[in-house]
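The values are calculated or read from the model by the stated rules, or taken from the named source; none is laboratory data. This is a predicted model, so every value here is computed, not measured. When we count neighbours, we look across all protein chains shown, and the Cβ atoms used for this are built from the backbone with ideal geometry, even at glycine. Surface areas here come from the heavy atoms of the whole protein model, side chains and all, with no ligands, DNA or RNA. Shrake-Rupley method; radii C 1.70, N 1.55, O 1.52, S 1.80 Å.
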Amino acid sequence: MLNPQEVSYEAELDAAIARTRQWGLECPDIKFNTQRYLTDAFIGKIVKSAQRVTGHLEPEAVAGQCFAVHHFIKDALEQDLGVPLLYTIGYVTYETGRAVFHTEVAQLKAMLDRGPPISGPLSLHAWLTLPSHEILDLTFGSTYGVVHGIEKLLGTATFTHPSELKRGMRYHPQLVGTDYFHRIGAITVLPTVLMG
């Protein structure tokens with residue numbers, strides 16, 4: 001088996017897409033390209049759009065909320081930016097190369113096979129991937145900063161191509177789309193209620 005540090009983000013994402021389909025989960029269809037989207041103006045649009053949906057949340061409120069934050073801002077970002085985004089589930093290696101918010105694929109499959117409800121925190125991370133493979137992550141810095149008491153990370157976001165990540169940081173996709181979280185009970189859709 002290959003060391004995840006030696007496999008490109010693109011290859012890991014392709015494997016995550018294949019795994020998602022193999023497990024019978026809904027898999028969004030996205031066409032990848034080599035265009036770079038993340039200019040200063042584009043990042044400004046991302047921040048403005050995200051704030052419109054989430055408000056001006058304190059970093060402590062964002063910490064540990066990667067599933068929900070990226071789930072709720074995805075549609076608004078796609079509409080405001082005019083670019084499809086891929087909800088991506090996996091883990092991050094950071095600084096020392098240690099895996100952060102990591103669950104082995106076999107454990108992910110076991111949770112899926114058991115079905116809902118899931119109880120307790122999940123050791124997973126979620127972010128959004130552009131068709132260029134660029135990463136949009138509004139929560140990792142705050143979550144890692146809160147968990148490890150690193151104040152300078154609070155409120156930071158990752159907007160970059162995986163080849164340009166610094167400090168030994170790497171994103172490792174394992175699955176895509178939100179169907180996995182729905183199926184294990186980590187994201188619940190509230191029924192529509194009509195008042196009248």
Can you find even one residue in the stretch 165-176 that is modelled with pLDDT of 85 or more, under 24 Å from residue 12 (Cβ atoms) and among the charged types (D, E, K, R)? yes
If we keep only residues of the stretch 138-167 that are hydrophobic (A, V, I, L, M, F, W, C) and part of a helix (DSSP H, G or I), then the residue nearest to residue 184 (Cα to Cα) is 140
Hey, does the stretch 142-159 have a residue that's crowded, with 22+ Cβ neighbours inside 10 Å and of a type in the set (A, V, I, L, M)? no
Count of the stretch 17-26 residues which are open to solvent by less than 80 Å² (accessible area, probe 1.4 Å) and more than 15 Å from residue 130 (Cα to Cα): 6
Being of a type outside the set (Asp, Glu), at pLDDT 90 or above and assigned to a loop (DSSP other than H, G, I, E, B) is the filter; apply it to the stretch 102-137 and report the residue that is most open to solvent (accessible area, probe 1.4 Å). 102
With the first residue restricted to the stretch 27-53 and required to be closer than 20 Å to residue 163 by Cβ, and the second required to be in a helix (DSSP H, G or I), Cβ contacts under 8 Å at 6 or more apart or on different chains are 32/10; 37/81; 42/81; 46/77; 46/81
For the subset of the stretch 30-51 comprising residues that are out of contact with any His (no Cβ under 8 Å at 6 or more places or on another chain) and aliphatic (A, V, I, L, M), which member is most open to solvent (accessible area, probe 1.4 Å)? 41
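So that you can scan it fast, the table gives a plain yes or no per residue for (1) among the acidic types (Asp, Glu); (2) assigned to a helix (DSSP H, G or I); (3) touching a Leu at 6+ places or on another chain (Cβ under 9 Å):
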{"position": "14", "(1), (2), (3)": "yes, yes, no"}
{"position": "20", "(1), (2), (3)": "no, yes, yes"}
{"position": "26", "(1), (2), (3)": "yes, no, no"}
{"position": "31", "(1), (2), (3)": "no, no, no"}
{"position": "44", "(1), (2), (3)": "no, yes, no"}
{"position": "60", "(1), (2), (3)": "yes, yes, yes"}
{"position": "73", "(1), (2), (3)": "no, yes, yes"}
{"position": "84", "(1), (2), (3)": "no, no, yes"}
Are any residues in the stretch 96-113 of a type in the set (A, V, I, L, M) and closer than 17 Å to residue 178 by Cβ, and if so, which ones? 108, 111, 112
What number of residues in the stretch 52-101 are hydrophobic (A, V, I, L, M, F, W, C) and open to solvent by less than 30 Å² (accessible area, probe 1.4 Å)? 14
